[in-house]
Amino acid sequence: MQKKYVNKKNVITILVIFVLMPITLVASWYFGNRKYYLSSVLIMIYAMIPFFAGFERRKPEARDLVTLAVMSAIAAASRVAFIALPHFKPLVGITMISGMAFGPQAGFLTGAISGLVSNFIFGQGPWTPWQMFAYGMAGFISAWFFRLNIFDLNHKFRTAVISFLVVLGIIGPILDTCAVFTMAGEIDMKIVPAIYMSGIPVNIVHGTATALTLFFLGKPMMEKLDRIKIKYGMMETEEKVRVEEKNEVR
């Protein structure tokens, strides 16, 4: 029972995030016009599937959803607050904190929703589904890094540096790939390297904002979120589910 539950949830998550979403993003290039709204809605729906799959053992309660809605709102607001500073946006840092606190599925959902919501200020476009996917991946990756002790908020400098590298090496290139698909009517392999190279300075600024967010806000926000989790029993961890299953078997 234990292996069946964990494996089923992991398989759903992998299929949705690493297969279904990339296919939709590539397909959105062929949709044309303003069909990016359709792609954005699909990405948001996809992001919800792994999250609700994590509640197979119990139904999600209002406080679970409200907390993620608040985290998404904070992430979106943090992006808008620095609108005067190009590319310096703490959104990814807030999303990473949400992933560390509530798990990879919740982290991905937070990033995807905050990307969509914040673009009502920054402007919707064919880049929106790509941003939703990239920000969601930030929450997903940070959750696993936290579980593997790669992220440790007691070592703020190390966590900040690693988060900077994640943005520079993963999140940024995903957004640069969006530029490859959207800057021209067809992909010209001669200019693809130039697009990725031109994105490096932008990714450095973005990574710096993320690193500073985790350095200064990571531990205080995690402490607050941990109190909420303990008080209300929110976002059950896999370990808690395993214990319950083991007791049921007995």
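Brief remarks follow.
- Some residue of segment 91-106 being buried (at least 18 other Cβ atoms within 10 Å of the Cβ) and either under 18 Å from Pro22 (Cβ atoms) or touching a strand residue (DSSP E or B) at 6+ places or on another chain (Cβ under 8 Å) (or both): yes
- Residue count for segment 143-187, restricted to those that are closer than 30 Å to Trp29 by Cβ, polar (S, T, N, Q) and free of Cβ contacts under 8 Å to residues at least 40 places away in the same chain: 0
- You will find that of Ile204, Ile200, the residue that is closer than 17 Å to Phe88 by Cα, out of contact with any Phe, Trp or Tyr (no Cβ under 9 Å at 6 or more places or on another chain), modelled with pLDDT of 95 or more and surrounded by fewer than 21 Cβ atoms within 10 Å (Cβ to Cβ) is Ile200 and no other.
- Qualifying positions in segment 164-209 - among the acidic types (Asp, Glu) and part of a helix (DSSP H, G or I): Asp176
- Unique match (being among the charged types (D, E, K, R), at pLDDT 85 or above and under 19 Å from Met137 (Cα atoms)) among Asp226, Asp176: Asp176
- When segment 145-163 is filtered for residues that are more than 15 Å from the chain's Cα centre (by Cα) and either part of a helix (DSSP H, G or I) or among the acidic types (Asp, Glu) (or both), the ones remaining, listed by number, are Arg147, Asp152, Lys156, Phe157, Arg158, Thr159, Ala160, Val161, Ile162.
- Options Thr237, Thr182; residue that is hydroxyl-bearing (Ser, Thr, Tyr), at pLDDT below 80 and surrounded by 14 or more Cβ atoms within 10 Å (Cβ to Cβ): Thr182
- In segment 119-145, residue surrounded by the fewest Cβ atoms within 10 Å (Cβ to Cβ) [restricted to those that are of a type in the set (Gly, Ala, Ser) and in contact with a helix residue (DSSP H, G or I) (Cβ under 7 Å, 6 or more places away or on another chain)]: Gly125
- Only one of the listed residues (Ala138, Ala143, Ala134) is of a type in the set (A, V, I, L, M), within 16 Å of Leu91 (Cα to Cα) and touching a Cys at 6+ places or on another chain (Cβ under 9 Å). That residue is Ala134.
- Test: Ile17 is surrounded by 12 or more Cβ atoms within 10 Å (Cβ to Cβ), part of a helix (DSSP H, G or I) and at pLDDT 80 or above: yes
- In segment 77-95, the residues that are without any contact (Cβ under 8 Å) to a residue 24 or more places away in the chain form no Cβ pair under 7 Å with any partner that is hydrophobic (A, V, I, L, M, F, W, C), whether six or more places apart or across chains.
The values are calculated or read from the model by the stated rules, or taken from the named source; none is laboratory data. Computed from a predicted model, the values in this text were never measured in an experiment. Don't worry about glycine lacking a Cβ; one is built from the backbone with ideal geometry, like all the others, and counts go over all protein chains shown.
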